[in-house]
Each structure stands twice: as structure tokens, then as C-alpha cells.
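Scroll down for the structure; my scribbles are underneath it.
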Amino acid sequence: MIVGIREKLGLNDPMPVQFIRWVRDMLRGDFGTSIFAGRPVLELIAQRLEPTVSLSSLTMLVSVMIGVSFGTLAAWRASGPIDRVLTAFSALGFSVPVFVVGYFLVYFFAMQAHWVPVQGYKPIGQGLGAWIEHLILPTVALSVAYIAFIARITRASMLEVLSEDYMRTAAAKGASSYAMLFHHALKNAGVQILTVIGISFAYLIGGVVLTETVFNIPGIGRLVVDAINNRDYPVFRVCSS
Amino acid sequence: MIGGGLLMLLIVLALAAPIYAGDPVNMDPFKRLQPPSAEMWFGSDNLGRDVFARTIFGARISLMVGLLSAACAALVGLLIGVVAGYSRSFDNVVMRIMDGLMSIPTILLAIALISLTGPGIGILIVAIAIPETPAVARLVRSVVLGVRERPYVEAALCGGARLPKVLWRHILPSTVPALMVQGATVCASAILTEAGLSFLGVGVPPEIPSWGNMIASSRLYLAIAPMTIFAPGICLAVTVLAVNLLGDGLRDLFDPRAKRRR
């Protein structure tokens, strides 16, 4: 039987032959078949794409909105009480791992208060309400570190921009502090913030894997972890690249 | 410097664990999932093991893996960074590889490395250090690029000093402040990665208590015995916070300009 499987997977061929076959298949759009599920890897990924995309895009949205406003607020009143609180929050948010935040949220908001379901996922096709309800806790858990990160970057680049000459000019010509912050400063700081958000996307994906495990969300992260535990190399190979 | 003090305290507590913490692996089937009591401060887990003892012993693994990975990453990154900052051809090749490594999520890269050999503490440290190395190398390289044009380096070279000596005596010391700040960041992230990997079941082997695998093995019992998850979770957060604060403190120390801006 082992001989048969080896023959079927082509493991008896020399290494270069195996490698060339793999590259050729990939160029043809054949990304291999899962050893464990016996189905094409692309099909498995397609099935699991929705939860992961939902979770990560929702997290992006929430964290950019909250993170940028926190950072702006902190820079506006630099070294005031608001700034102190927000800086402390961002140091803390950086330090608490996403799965610990996740279990705290589950315990207090799902198990004690019964406001939201403990875990699982409902596709958006089954109603927007159920979809949001299942995604609230994972999104919050995943967002905490990300909000802290974005707030920190926003604050630093806002402070840099606020000390520029043209900000003094804007103040001199009598611009309101609202106009100064949002029209003059944030637009210029935005370039730097966007760059950093883009770079840290890889960081977000690492958190997605953990969050999906905590909340039992059948997404790509779970697929990768299961693939590793089952030694399902074709699946792992495609997911990682 | 609160961070440094807190970290020292944690290290001492972890090192002294055998003196006061009790047995972390002894199972007692009759005392499963007990609430916190005078005998067992944090209660017991699903196999009747003392959660307090396991948490304290878990600190040893977390700190050891975190510090050693950070040290490995800092050392290798320093080496690559210094050479890349000085040699153009090496720079082009190696920094592109580093860029490639940086684009892979840390946890996935570590999992892939571990799946090559199977779980173990040694491979875990290497697997965590490799994804962290590029950031260090990049930073060191940028410092070296700035320093190599300075007059004192040119003077040393003109004075007949050999290149290795110039690198060692004149260029290496100027990278130290940046390296220490980055080292703290790397250490914090290494502790988080270790916990994440152990939580996913690919990190520290289950027979050794670590914060990550404690949380993983207790996840089904969150409703009955929340302390089994909260105790290691809070310790993890406090440790990483201490390291992060230490990093911030070091940055303020070495770069007073940044402090005024903050």
C-alpha cells in the first residue's frame, strides 16, 4: 500500500523531476490536491475565504477608524491627560496577546453577559445581523493590538507635522484647531500612516490565525493550522504563499 | 525604568520557582478544576495540576525562549547589518532575502520552520529568531550606512587601521543604542510568538508547562475554571508590557530628542 501511494504521488521520481512537475502544474493553475481531504487545494481555500476576508477587512476598518482618531486626539493635546491615557492604552494593547484578549471577551461578554454568541461563524448570506453578531468579538480582539499600533504611528507622525512651519502659518492666519488638525496636519501625516498600515498587514495575518482558533471560525487560518497538524503539505504550501 | 525593574522581578521570581511554587506536573484526578483556594492559589486545571505552580514555571520557558531568541536575532542581525552596510554586493543579495523574509507573517514562517523538524525548545528558539532577524539587520545597516561616512571612520582608515578593526572599534559601538532598543522590541515580540505557537500546539512540547500551552489545554474549561486561562494570560501580558516599557525607557535614554517630542 505504501508503495502504491508513493507511486501515485510520484515520490519515487528524482527530486528535479518532482520540482519541475510541481512548477508546471502551478503554471497550469493546478495547485495540487489535499492529501487529507482528497480535494483540490484551491477549492478548499475558496470555501474558507469568506470568514477570513470578513474578519480581516472588518478589523482593518475598525482599527484604522479608531486608531487614527485616537492618535490624532493624543497629538492634539500632547502630554495632557488624554494623551497619557491613550499612550498607556497603546502600550497595553501592544502587550496583550490576541488570544488572551479573545478569551477575556468571550468570558465576560458571551459567557457571563450572554450578549453575543461564544464562537462560530455565520456567512453573510444568512443575514447581516447574525454575521455581525458572530464577528463582533473576534474583530474587537484582533483590533486591540492594531488600534494601539496605528494610534502610536498616527501620534508620532502628527506631532512631526504639527511642528512644521506651515502649521504655524495656518495658526497665524486664524485657522480653527479643527481645520488645522484635519485639513492641514492629518492630510500630510496620512502618507506615512498609510505606508505603515500597508507594511503591517503581514502582522495582521498572524493575528488572524490565532483569532480564528480562539473563536472557531472556519477560515484560512484554521485551514493552515489543521494542514500542519495533519501534515497536509500541499495545502500548507499554497496557503503560505 | 519601571519596565526594567518589573522584568528583573519576573526573572527572579521565575528563577526561584523551585523554592516556593510547588510541583507543576503532579496530577491529582480528585482535584480537577478546583476554584482558587489557600492550598492552590489559582485553582487547578483539568488534570488536577496546580495552576499557580504551572504559571510560575511557565515564566521560565517564556522568558528563556524570549530572551534567547532575541539574543540570537540581535547577534545574527548585527552581523548581517554591519557587513551589508559596508559591502555593496553582499548588501544587494542579502537585503533582498531579508525583505522576502519580512513579508511572510512571523507565526506562519515559524510554524513552517518547526514543521521541518518537529517540536522542541531548540528549534523553537531558532524558528522565532529567524523571522525577527531582518528587522534588526535593516536597522543596523541603516546606522552603519550613516556612520561609515563620518570623519573619524575615514581618519581611522587613513591612519592605516585594517577594515575589521575599524568595523569592531569604530562602527560597532555606534550601533549599540539602536540595537538595544530594537532588542527589547524583538524580545517582546518573541515572547508573544512563543505563546502563540504553543497555543496553536506547535511550540513548547505539552509536557513542559508554558503560558501558551496552558491556555490551549484549558480552553474547553473557560466557563468552569476561568483562572486556568486568565492566570497565564495576565502573566503573559505583564511580561510583554515590562519588556515593551523597558524598550521605551531605553529609547528615551539614548535619544533625548525623541523624549521631548513625545
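The values are calculated or read from the model by the stated rules, or taken from the named source; none is laboratory data. Computed from a predicted model, the values in this text were never measured in an experiment. Cβ sites come from the backbone with ideal geometry, for glycine too, and all protein chains shown count toward neighbours. Surface areas here come from the heavy atoms of the whole protein model, side chains and all, with no ligands, DNA or RNA. Shrake-Rupley method; radii C 1.70, N 1.55, O 1.52, S 1.80 Å.
So which pairs qualify, if the first residue must be in region B:94-118 and in a helix (DSSP H, G or I), the second must be modelled with pLDDT under 80 and crowded, with 18+ Cβ neighbours inside 10 Å, the Cβ gap must be under 7 Å, and the two must be at least 6 apart or on different chains?
Short answer, once both residue conditions are applied: B:T106/A:G206; B:I107/A:G206; B:L108/A:G206; B:L108/A:V224; B:I111/A:I228; B:S115/A:I228.
Among the residues of region B:196-212, what is the count of those that are at pLDDT 85 or above, more than 7 Å from chain A (Cβ to nearest Cβ) and either over 14 Å from B:T55 (Cβ atoms) or part of a helix (DSSP H, G or I) (or both)?
Selection size over region B:196-212: 4.
Which of the residues that make up region A:197-210 are open to solvent by less than 40 Å² (accessible area, probe 1.4 Å), assigned to a helix (DSSP H, G or I) and within 19 Å of A:I150 (Cα to Cα)?
Within region A:197-210, A:I197, A:A202, A:L204, A:G206, A:G207, A:V208 meet the criteria.
One line per residue, one yes/no per condition, for (1) at pLDDT below 85; (2) more than 8 Å from chain A (Cβ to nearest Cβ); (3) in contact with a Ser or Thr (Cβ under 9 Å, 6 or more places away or on another chain); (4) crowded, with 24+ Cβ neighbours inside 10 Å:
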position: B:V176; (1), (2), (3), (4): no, yes, no, no
position: B:T185; (1), (2), (3), (4): no, yes, no, no
position: B:I224; (1), (2), (3), (4): yes, yes, no, no
position: B:I229; (1), (2), (3), (4): yes, no, yes, yes
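For the subset of region A:67-113 comprising residues that are farther than 20 Å from A:T211 by Cα, open to solvent by less than 20 Å² (accessible area, probe 1.4 Å) and assigned to a helix (DSSP H, G or I), which member is nearest to the other protein chains (Cβ to nearest Cβ)?
A:A91
In region B:18-58, which residues are surrounded by 13 or more Cβ atoms within 10 Å (Cβ to Cβ), at pLDDT 70 or above and part of a helix (DSSP H, G or I)?
Scanning region B:18-58 gives B:P18, B:V51, B:F52, B:A53, B:R54, B:T55, B:I56, B:F57, B:G58.
Taking interchain pairs and intrachain pairs at least six residues apart, which have beta carbon atoms under 6 angstrom, with the first residue in region A:207-231 and more than 10 Å from every other protein chain (Cβ to nearest Cβ) and the second open to solvent by less than 10 Å² (accessible area, probe 1.4 Å) and of a type in the set (G, A, S)?
Final answer for the pair search is A:T211/A:A141; A:E212/A:G219; A:E212/A:G221.
Can you name every residue in region B:200-222 that is open to solvent by less than 10 Å² (accessible area, probe 1.4 Å) and polar (S, T, N, Q)?
B:S210, B:S218
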